[in-house]
1. Give the residues of the range 94-116 that are among the aliphatic types (A, V, I, L, M) and within 19 Å of residue 46 (Cα to Cα), sorted by residue number.
2. Of everything in the range 270-293, what is of a type in the set (S, T, N, Q) and buried (at least 20 other Cβ atoms within 10 Å of the Cβ)? Give them in sequence order.
3. Which pairs do you get when a residue that is under 13 Å from residue 344 (Cβ atoms), found in the range 110-123, comes within reach of a residue that is among the aliphatic types (A, V, I, L, M) and open to solvent by 10 Å² or more (accessible area, probe 1.4 Å), reach meaning Cβ atoms under 8 angstrom, with the pair 6+ apart or on two chains?
4. Consider residue 223 carefully, then state whether it is open to solvent by 20 Å² or more (accessible area, probe 1.4 Å), assigned to a helix (DSSP H, G or I) and touching a Gly at 6+ places or on another chain (Cβ under 6 Å).
5. So, in the range 340-398, of the ones that are among the charged types (D, E, K, R) and assigned to a helix (DSSP H, G or I), which residue ends up modelled with the lowest pLDDT?
6. Within the range 336-353, can you find the residues that are open to solvent by less than 10 Å² (accessible area, probe 1.4 Å) and under 16 Å from residue 228 (Cα atoms)?
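The values are calculated or read from the model by the stated rules, or taken from the named source; none is laboratory data. None of these values were measured; they are calculated from a predicted model. In this analysis, Cβ positions are derived from the backbone assuming ideal geometry, glycine residues included, and neighbour counts consider all displayed protein chains. The protein model used for the area step is the full one, side chains on, heavy atoms only, and it has no ligands, DNA or RNA in it. Shrake-Rupley method; radii C 1.70, N 1.55, O 1.52, S 1.80 Å.
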Amino acid sequence: MPLRPETRAWAVWSAGLAAYVIAVLHRTSLGVAGLDAQHRFDIGASALASFAVLQLLVYAGLQIPVGMLLDRFGSLRLVLSGALLMVAGQTLMAFSGDVAGAVTARVLVGAGDAMTFISVLRLVPHWFPPRRVPVLTQVTGIVGQIGQLLSAVPLAALLAGPGWTTAFVGAAGAGVFVAVVAFAALHDTPERRVNSGSAITWQRLGADLAGAWRHPGTRLGLWTHFTTQFTGTVFALMWGVPFLIAGEGLSRGAASTLLIVFVLTGMASGPVLGMLTQRFPLRRSLMVLGIVAANMGAWALVLAWPGQAPTALLVLLVVALGLGGPGSMIGFDYARSFNPPSRLGTATGVVNVGGFVASLLSILLIGLVLDARTGGSADYHIDDFRVAMSVQFAVAAIGVLGILRTRRLARRKMELEDGIVIRPLREALASRFAVAGRQG
């Protein structure tokens, strides 16, 4: 008996979401294994950071090519390819005993991860009505962060118990499982299991990329993603656990608990931000700037605290950081609002570059500062982290300037395109977003 259309839509989305959950597990696995990796490979902070930086560099560098491939080949083929690449990477990491093998493993993980999220996002406008797209976009990003819970709890427990090889083989096994689920359940559109776009040509590549980039609304989405996502990614992917354990003196269990609070905050706030984005599209940038202020304000309090911060303040920090992931999803809503469906994959890829470029820069700079202060050893003091983590303020400042500039340009472009003479800007903007929602 065939499934009802709505039930079928939820089943397809759930299969894609499962693939994204495991992709986040793979992405964040090195963060909980950071200190273990330093001992296993006998490396310092900057070398450890280079693992994550290379992973993010591959991820960010592939976003635009993957977006174009998504427009051409559809979600199913890219989700499956990404899952298999990450399985290969985690299997290699499980058995690697040297730096070269670990680096190759993280490159594979970054490449597979790059194919997953935007491919799952692409399913949403194909399978659900436009009014649900902003909320489901948020829910996709936030429920996907269950993968961080999987790395913070069961993966961390495997690392502390059976050890490195068992932990990463287990992660690879989870990847095989979701690849099977995706192959069985995913369909690109309600009409076709595999939906292929027009052939990729250099002319089309250039036109899609140029068209997406030229619109300041796409760049506004990029700077939104850049500024809201990076500090939470830095915390979860690389430096959060070392900061909490070696800097703040917490146990591994307490650090894992704070990571859980971080993830749960994002999961709780994501649907709320999605509904606010849907209801108040003209106030999206104010929500973004408020989240950035909360992130940087919490870091300022923790880093300015004399000595090790109290637990309540660390909880406040992870709650503030938990808002960043949902905030970054607003960037994808800008991509949807300002681009036609034919180049949505490309525009989404452009936006998704932002947060990961900011993250890799921050991760690398923090590692370099820590090494400069400790001489390459893993004997960290809270003062070392206080100096190193402060580089995030400079990255956030660059992002805020980008948001303010592109917001102004986007509003000006819409005034010109809509030929505003008598109608107020607010009415023109509302009209434009209604059209984008129907296209989405």
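1. Listed by number, the residues that qualify are 99, 100, 102, 103, 105, 107.
2. Scanning the range 270-293 gives a single hit, 277.
3. Note: pairs meeting the criteria are 119/78; 122/344.
4. For residue 223, the condition - open to solvent by 20 Å² or more (accessible area, probe 1.4 Å), assigned to a helix (DSSP H, G or I) and touching a Gly at 6+ places or on another chain (Cβ under 6 Å) - is met.
5. For the range 340-398, the residue satisfying everything is 343.
6. Within the range 336-353, 350, 351, 352 qualify.
For (1) touching a residue at least 60 places away in the same chain (Cβ under 8 Å); (2) open to solvent by 10 Å² or more (accessible area, probe 1.4 Å), each residue gets a yes or a no:
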position	(1), (2)
295	yes, no
308	yes, yes
355	yes, no
363	yes, no
372	no, yes
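The rows are residues; the columns are (1) among the polar types (S, T, N, Q); (2) touching a residue at least 60 places away in the same chain (Cβ under 8 Å); (3) open to solvent by 20 Å² or more (accessible area, probe 1.4 Å); (4) under 28 Å from residue 247 (Cα atoms).
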| position | (1), (2), (3), (4) |
| --- | --- |
| 45 | no, yes, no, yes |
| 87 | no, yes, yes, no |
| 92 | no, no, yes, no |
| 107 | no, no, yes, no |
